[in-house]
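Q: Pasting in a structure now, in structure tokens, and then I'll have a few things to ask.
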Amino acid sequence: SESKPWAGRFTQATDAFVEAFTASVGFDQRLARHDIQGSIAHATMLARIGVLSQKDLHTIVGGLETILAEIERGDFFWSVELEDVHMNIEARLTDRIGEAGKKLHTGRSRNDQVATDIRLYLRDEIDGLCQQLATLRAALIDLAEREADTILPGFTHLQVAQPVSFGHHLMAWHEMLARDQDRLRDCRKRLNVMPLGAAALAGTTFPLDRHYTAELLGFDRPAANSLDAVSDRDFAIEFTACASLVMMHLSRFSEELILWTSAQFAFVDLPDAFCTGSSIMPQKKNPDVPELVRGKAGRVFGHLVGLLTLMKSQPLAYNKDNQEDKEPLFDTLDTLKACLRAYTDMVPHLAPNREAMRLAALKGYATATDLADYLVRKGIAFRDAHEVVGKAVRLGIDSGRDLSQLTLDELKALSPRIEADVFGILTLEGSLQARDHFGGTAPNQVRQAVARARAQLAEE
Ligand code: ARG
């Protein structure tokens, strides 16, 4: 059995269950590449300040690079006895290169090491997520441009409210995702601070050049307080909060797709490749992908609460509790990446059913507000106009007609101010065109929003 790096003060072997219970190597091995990246920078700095010889540095870097290659080939044996990714790699290094390997951990603790690894790892992952979000946004922008003139019934309370451009609706999703991406970039800023040099908790007796190590690793600066550096995981919580917001947005998107692909709405068709069938009902085509994304939102929210609870009331500085940060964080990342992948693949293939959307908008008295606004322009107070239009809607419902199908005489009976020009504003197109201001749904405004979003994406 491999001897533990910390075995010196112990007289008993570790209990077999305790060994398995305390080990994290089963899941933290995914930090290997960043662990090695951090070790190479640490060693480089140690050599610069004269704590390591150039020869030792050379041997250490060569050894770590070989180990990274072994890990990436799947040739590395991960030992539970060596507890975690850090001790596994360090022990293997000493196996391979001998004495020099034993010097790597000078002026370092696993506490500042793990805090650094997670930050390096998460920083790369955030960059990848931002890429995914940008791709999804670009797909939404393209679709919005194509559908700027498509008329969708807009809903409040899931009751038809006013007609909107389908492109406008798609651009609403784009706005949400743009903020999500911005939040991730912001989270990355606070995360990009280096714990190394904090050692176990108090700093180290070696004259480490922390600014130099930080620079090597692309951190903005070394963490200003050693106790804080090793113990807080607020960056992981902040990230999971950002991830939760993305998932919340994707769950709303999903909910709409699920409704819209139902026969009762039939606004949109999903490609067969993104749906599954039923083992019993031959007619079924189920929107499993959006349903799963909707469900997985709950899982990510759970991780957010889990991480908050993990950190709650922990005394300074490092506690073993913190080892529990990894699985929720990793699962959040895996889940979010998969959901974004599903959406980036699916969105370009959404097939809108323009006729069904149009009919649904016609059926819902969606231009009632337009009629009320028309009466206001003819000199009637809005409250009175509201009442008149309510009666017009009643007449429509009772006689099975939409507002534009009422006769001028019928309308005039409700208000003598109504004239033949009313029919222009009662059309769905007229309703959209009339909302021609910044942020409004007029197709012309949607095209401007599309152009702005494209410019913004290109600039980011
Ligand atoms: N595997 C540990 C973690 O993830 C590394 C730090 C361990 N430090 C310690 N003093 N036991 O938190």
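Q: Per Stokes-Einstein, at 37 °C and 0.692 mPa s, what whole-number D in µm² s⁻¹ belongs to the stretch 11-106, with the Kirkwood radius over Cα pairs as the hydrodynamic radius? Could you put the intermediate results ahead of the total?
A: Numbers: Rh = 13.9 Å.
In µm²/s, the coefficient is 235.
Q: List every residue whose amide H lies under 5 Å from the amide H of VAL164, counting only residues 5 or more places away in sequence or on a different chain, with H placed 1.01 Å from N in the peptide plane.
A: Result for VAL164 returns LEU152, GLY154.
Q: Below 8 Å, C-alpha to C-alpha, sequence gap of six or more: please give me the relative contact order for the stretch 11-106 in percent. Could the numbers behind the result be given before it?
A: Numbers: 85 pairs, mean separation 38.0, N = 96.
Value for the stretch 11-106: 40 percent.
Q: Taking only Cα atoms, what is the 0 to 90° angle, nearest 10, from helix 382-399's long axis to the longest principal axis of the chain?
A: Relative to the chain, helix 382-399 is tipped by roughly 80 degrees.
Q: Nothing charged except the Cβ atoms of Lys and Arg (+1) and of Asp and Glu (-1): what's the magnitude of the dipole of the stretch 359-459 about its Cα centre? Round to the nearest 20 debye. Could the numbers behind the result be given before it?
A: On the way: 13 positive and 13 negative charges, 47 e Å.
Roughly 220 debye for the stretch 359-459.
Q: Continuing with this model, one more query. Suppose we keep just the DSSP beta bridges with both residues in the chain; what percent of those would be antiparallel, to 5?
A: Working: 9 of 11 bridges.
Around 80 percent of the beta bridges assigned by DSSP in the chain are antiparallel ones.
Q: Pick out, from GLY277, PHE265, LEU201, the residue whose Cα sits farthest towards the positive end of the charge dipole of the stretch 184-312, with +1 on the Cβ of Lys and Arg and -1 on the Cβ of Asp and Glu.
A: LEU201
Q: What is the Cα radius of gyration of the stretch 359-459 over 2.2 N^0.38 Å, N being its residue count? Before the final figure, lay out the partial values.
A: On the way: Rg = 16.4 Å, N = 101, 2.2 N^0.38 = 12.7 Å.
So the Cα radius of gyration is 1.29 times the expected 2.2 N^0.38 Å.
Q: Check ARG233: other-chain or 5+ apart residues with amide H under 5 Å from its amide H, H built from backbone geometry?
A: Sorted by chain and number, the residues that satisfy this come to none at all.
Q: Note down the magnitude of the dipole of the chain about its Cα centre, charges +1 on Lys and Arg C-beta and -1 on Asp and Glu C-beta and zero elsewhere, to the nearest 20 debye. Walk me through the numbers on the way to the answer.
A: Numbers: 52 positive and 64 negative charges, 129 e Å.
For the chain, the charge dipole is close to 620 debye.
Q: Let me ask something else about it. Using each residue's phi in the stretch 339-354, evaluate 6.51 cos²θ - 1.76 cosθ + 1.60 at θ = phi - 60° and report the 3J(HN,Hα) Karplus result to the nearest Hz, with x for Gly and Pro.
A: 5, 5, 4, 4, 6, 5, 6, 7, 3, x, 9, 5, 10, x, 9, 4
Q: For all pairs of alpha-carbon atoms in the stretch 334-385, what percent lies in each bin of width 5 Å, listed from the first bin to the last filled one?
A: 4, 16, 11, 9, 10, 10, 10, 9, 8, 7, 4, 1
Q: Of ILE40, LEU68, MET87, which is farthest on the positive side of the dipole of the stretch 11-106, counting Cα position, with +1 on Lys and Arg Cβ, -1 on Asp and Glu Cβ, and the Cα centre as origin?
A: ILE40
Q: Over the Cα atoms of the stretch 69-168, what is the Rg over Rh ratio if Rh follows Kirkwood?
A: Numbers: Rg = 26.1 Å, Rh = 18.8 Å.
Radius of gyration over Kirkwood radius for the stretch 69-168 works out to 1.39.
Q: Moving on. Using the Karplus curve 6.51 cos²θ - 1.76 cosθ + 1.60 with θ = phi - 60°, work out ³J(HN,Hα) for each residue of the stretch 313-321 in order, rounded to whole Hz, and write x for Gly and Pro.
A: Those phi angles translate into 6, 5, x, 5, 9, 6, 10, 4, 2 Hz.
Q: Still on this structure: Can you spot the aspartates and glutamates whose alpha carbon is less than 15 Å from LYS296's alpha carbon? Ignore those fewer than 8 places along the same chain.
A: Hits, sequence-local ones excluded: GLU255, ASP288, ASP331, ASP334.
Q: With a 10 Å Cβ neighbour count serving as the proxy for reagent exposure, in which order, fewest first, do PHE17, PHE267 appear? Could the numbers behind the result be given before it?
A: Working: PHE17 8, PHE267 24.
Ranked by crowding around the Cβ, least crowded first: PHE17, PHE267.
Q: Could you tell me which of the pairs LYS4/LYS326; LYS55/LYS189; LYS4/LYS337; LYS363/LYS412; LYS55/LYS320 are separated by over 27 angstrom between their Cα atoms in the structure shown? Write down the numbers at each step before the final one.
A: Numbers: LYS4/LYS326 23 Å; LYS55/LYS189 36 Å; LYS4/LYS337 36 Å; LYS363/LYS412 22 Å; LYS55/LYS320 36 Å.
Distance filter (> 27 Å) returns LYS55/LYS189; LYS4/LYS337; LYS55/LYS320.
Q: Can you put ILE71, ILE118 in order, fewest other beta carbons within 10 Å first?
A: Numbers: ILE71 20, ILE118 25.
Listed from fewest to most nearby Cβ atoms, that is ILE71, ILE118.
Q: For a quick check: sort SER79, SER431 by the number of other beta carbons within 10 angstrom, fewest at the front.
A: Working: SER79 15, SER431 25.
Final ranking by Cβ density, sparse to dense: SER79, SER431.
Q: While we're looking at this one, here's another question. From largest to smallest, what semi-axes in whole angstrom does the chain give when each is the square root of 5 times an eigenvalue of its alpha carbon gyration tensor? Could the numbers behind the result be given before it?
A: Numbers: eigenvalues 758, 102, 70 Å².
So the three semi-axes of the chain are 62, 23, 19 Å.
Q: Per the helix-only calculation at 222 nm, which mean residue ellipticity applies to the chain, given -39500 (n - 2.57) for every DSSP H run of n ≥ 4 and division by its residues, nearest 500 deg cm²/dmol? Show your work: numbers first, answer last.
A: Values: 19 runs with 283 residues, N = 460.
Calculated mean residue ellipticity at 222 nm is -20000 deg cm²/dmol.
Here, each number is a calculation from the coordinates, and none is a lab measurement. The model shown is predicted, which means the values in this text are computed figures rather than measured ones. Here Cβ is always computed from backbone atoms with ideal geometry, including for glycine, and neighbour counts include all displayed protein chains.
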